[in-house]
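Below you'll find the structure, written out as structure tokens, and then a few comments.
Nothing in this text is a laboratory measurement; each read-out follows from the coordinates by a stated rule. A quick note: this is a predicted structure, and the numbers were derived from the prediction, not measured. In this analysis, Cβ positions are derived from the backbone assuming ideal geometry, glycine residues included, and neighbour counts consider all displayed protein chains.
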Amino acid sequence: MDLLSYWAEVKADIDRLIEDFLSGIKEWETLEVSRYILEGGKRFRGTLTVYFTEALGGERKRAYDGALAVEILHSASLALDDIVDYDATRRGKDSAWKVYGNRKVIYVTNFLVPTALEIISTAYGNEAMKVSVNLWKETSIGALLDTFGKPQDYWRTIEYKTGSLFKVSTALASFASDRANLLDAMLEVGKYLGLIYQLVDDYIDVYYYVQGKGKLEGSAKQLFELYGEKTREQVVKKFEEYNHAYLEIVKKLNVRKDFASGVATLPSFLATGLLLEAGLDKL
């Protein structure tokens, strides 16, 4: 199965998992805001957990708890970021804080985050939870750097704000596939995928800013202030560097043969998808 078809199939599974999760929330206001925060989205991070679990020889259903937890964490982080950045829209609709107010959204994310970590602990044990907690801490540091960091903080900013949750996705695959011995390698896999994702996403913002469309904020602003007119050159250089590092790692993972090609092309798949969505055909 090609990557796009696989993603579509697993996304549908994750959407059902989220509906099942929501059905277990008894408090009406918590349910209403949680549903609003969790609905929509590409579900790519959760799909990564499922994809690498199967690639490493595990069963798809064993990855479902991890995929659900990652998507809860990701959606909660977006809801909080929107409050800080005053972003009025998210996933094609008004941001949660615009609909429910800051306080209610903060209270509900304070419910969602520990709930996601509890799901991880129950499914995969304390070590998986400890890894996830530490990576959530990194995500929080990344949010600080994204808001208050300087241009020279750029690479640390994107590794923490985006790479950390990608690392949760891939780390959980090592636990779900019962190959915890590969944890360190899978953390590196997630790091490079996250770096590539955010790098390309920021480049798109810079590209349109230079064309006189939109404004630059956060890590995209850091990127442009760091490299200026040489931004594209540096982005291409770093993409190639990160792609090479990623490939060196996955070559040693001994993934299933029917997944080997897809695993190897994931960075390009990610980058191409972002570019095409933005109306660009290449870096």
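Per-structure values
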| quantity | calculated |
| --- | --- |
| Dipole magnitude of the range 3-277, debye to nearest 20 (Cβ charges: Lys/Arg +1, Asp/Glu -1, about Cα centre) | 200 debye |
| Under 5 Å, built H, 5+ apart or other chain: amide partners of ARG90 | SER95 |
| Out-of-range pairs (alpha-carbon distance over 28 Å; input LYS93/LYS130; LYS98/LYS167; LYS11/LYS93) | LYS93/LYS130; LYS98/LYS167 |
| Extension reserve of the LYS215-ALA264 stretch, reckoned as 0.36 nm per residue once the Cα distance is removed | 14.2 nm |
| Estimated vicinal HN-Hα couplings, Hz - the range 124-129 in sequence order (Karplus 6.51, -1.76, 1.60; Gly, Pro = x) | 10, x, 5, 5, 5, 5 |
| Relative contact order (%) - the range 1-89, alpha-carbon pairs under 8 angstrom, separation at least six | 29 percent |
| Residues of the range 4-21 with amide N under 18 Å of the 7 Å Cα→Cβ point at GLU277 | 4-15 |
| Ascending count of other beta-carbon atoms within 10 Å, so fewest first, for HIS244, HIS74 | HIS244, HIS74 |
| For SER261, SER169, order by how many other beta-carbon atoms lie within 10 Å, fewest first | SER261, SER169 |
| Shape metrics for the range 198-253, restricted to C-alpha atoms - Rg then Dmax, Å | 13.4, 45 |
| Footprinting exposure proxy for VAL70, VAL255, VAL133 (fewest neighbouring C-beta atoms within 10 Å first) | VAL133, VAL255, VAL70 |
| Pairs from LYS150/LYS238; LYS161/LYS257; LYS161/LYS251; LYS61/LYS251 whose Cα-Cα separation, in the structure shown, is over 21 Å | LYS161/LYS257; LYS161/LYS251; LYS61/LYS251 |
| Computed FRET value (nearest 0.05) for GLU118 with GLU19, which takes r as the C-beta separation and R₀ as 22 Å | 0.70 |
| Centre separation in Å (Cα based) which lies between the range 192-228 and the range 24-45 | 29 Å |
